[in-house]
1. Rounded to the nearest 0.05, what FRET efficiency is calculated for PHE189 and ARG312 with R0 set to 51 Å and r the Cβ-Cβ distance?
2. Taking other Cβ within 10 Å of each residue's Cβ, how do THR159, THR97 sort, fewest first?
3. Compute the acute angle (0 to 90°) between the alpha-carbon long axis of helix 62-75 and the principal axis of greatest extent of the alpha-carbon atoms of the chain; round to the nearest 10°.
4. I need to check one value: relative contact order of region 2-369, counting alpha carbon pairs closer than 8 Å and at least 6 residues apart, in percent.
5. Using Cα atoms only, what is the angle between the long axis of helix 120-129 and the major principal axis of the chain, expressed in degrees (0 to 90) to the nearest 10?
6. Given the pairs LYS62/LYS90; LYS7/LYS153; LYS90/LYS222; LYS171/LYS367; LYS43/LYS171; LYS260/LYS367, which span a C-alpha to C-alpha distance of over 31 angstrom in this model?
7. Mind jotting down the three principal axis lengths of region 314-368 based on Cα atoms? Whole angstrom, largest first.
8. For the chain, what is the charge dipole size about the Cα centre, in debye to the nearest 20, if Lys and Arg each add +1 at the Cβ and Asp and Glu each add -1 at the Cβ?
Amino acid sequence: MPIAKVKRVFARNFQYHGELGASVSVWRDGKEILSIADGWCEKEQQNPWTQNTMVPVYSCTKGPAAAILLQLLEEQGMTPETNVRELWEKFPHENATIAHMLSHQCGLAALDKKTSVWDYDEVIDAMEQQTPNWPLDDGHGYHPRSYGFLLEKIVRELTGGRPLGEVWWEKIAQPMGIEFWIGLPESEFGRMARLYPGKMDKSDLDSGFYREINTEGTLVRKAFSSLRGLNSVREMNSPEAWQCGLPAMGGVGTASALAKFYQLAIGRIEFFSPAVLGWMRGIRVNGYDRVLLRNTAFSCGFQLDPLDNFGRKERHFYGLSKSAFGHPGAGGSHAFGDPSNGLSFAYTMNQMDLSPMPGIKSLEMVKALYL
């Protein structure tokens, strides 16, 4: 049974891979078929990690954040082909569509003007003045931190200035019973686990990505650092970080909540229209990523496994199906939906690894799910 194999991998993570506290949730056809939680919320082992434990999930936030934007577009008679300048007059690209923006093609990954993630107006002003990092329709590059401000700006324009996280909670999370917040209320602080940073080893230092991120002036370094604030794991353990509601990296919730969201996103729990479901899963860009320095593929807001020249998957972060999509979070959190098989998966933990992509702890569970 695949579920029994997932359980065994989950247990081995504690034995062999330094797991501290973690949850995994698997849903199929609208029902949760696996929910496991074990370990501790902190190294002092004061609070057991349970199925109700929440933790920051970094870029796993990007999926729910993109979903609310897509929902708003449809409600207002627009599509991802809408020109960004119809909603944002000073956007740097004259011909960019919202689909370009959602699939990391607009070249605003790194900003020349140093800005703070705590100052929304400052970031938007810097974006409006920015010469794009590359021309439109000339490839793509992951926008690790600036992405949330792109989404936030469009959502505010569509809603008369309301924060994205507030609209997400009102329109999707609360009515559908999804315990995932982009801006956590104080009433939920007691459920939060403490994050611990991963450690770099020689193999990390030898990789092209980490050479670039540690070299002053590179696009990779600027993409991850030109928006200052919340750069350390210690900062992410603060109530201010939980409350700030940054759509690129500020989401908090349970594994079960993330996996349930992806049941909505693949249409196995009825919520999104067929049009929105198609926008989420359809590949918009596939190939070499200027920031992650590897091949990636993106739909409107979600990551997919890239395809080679023969249409075959180059890797299996999202299982076996070419239609599966989701988003990882820095340090190891991971979530996706597989519409072909009715499956969704989410993994959350507090002992991070050192990578913006999924690691062995989650990927071995994904592999077991399909055996």
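1. So the FRET efficiency works out to roughly 0.65.
2. Details: THR159 18, THR97 22.
By the 10 Å Cβ count, ascending, the order reads THR159, THR97.
3. 50 degrees
4. Working: 817 pairs, mean separation 94.8, N = 368.
In percent, rounded to a whole number, it is 26.
5. Between the helix axis and the principal axis of the chain, the angle is about 50 degrees.
6. From the list (LYS62/LYS90; LYS7/LYS153; LYS90/LYS222; LYS171/LYS367; LYS43/LYS171; LYS260/LYS367), the Cα-Cα distance tops 31 Å for LYS7/LYS153; LYS171/LYS367; LYS43/LYS171.
7. Principal-axis extents of region 314-368 (Cα, largest first): 32, 21, 18 Å.
8. Working: 38 positive and 42 negative charges, 245 e Å.
Around 1180 debye, computed over the chain.
Each reported figure results from applying straightforward, stated rules to the coordinates on display, with no laboratory input. All of these numbers come straight from a predicted model, not from anything done at the bench. Quick reminder, even Gly has a Cβ in these numbers, built from the backbone with ideal geometry, and neighbours come from all protein chains shown.
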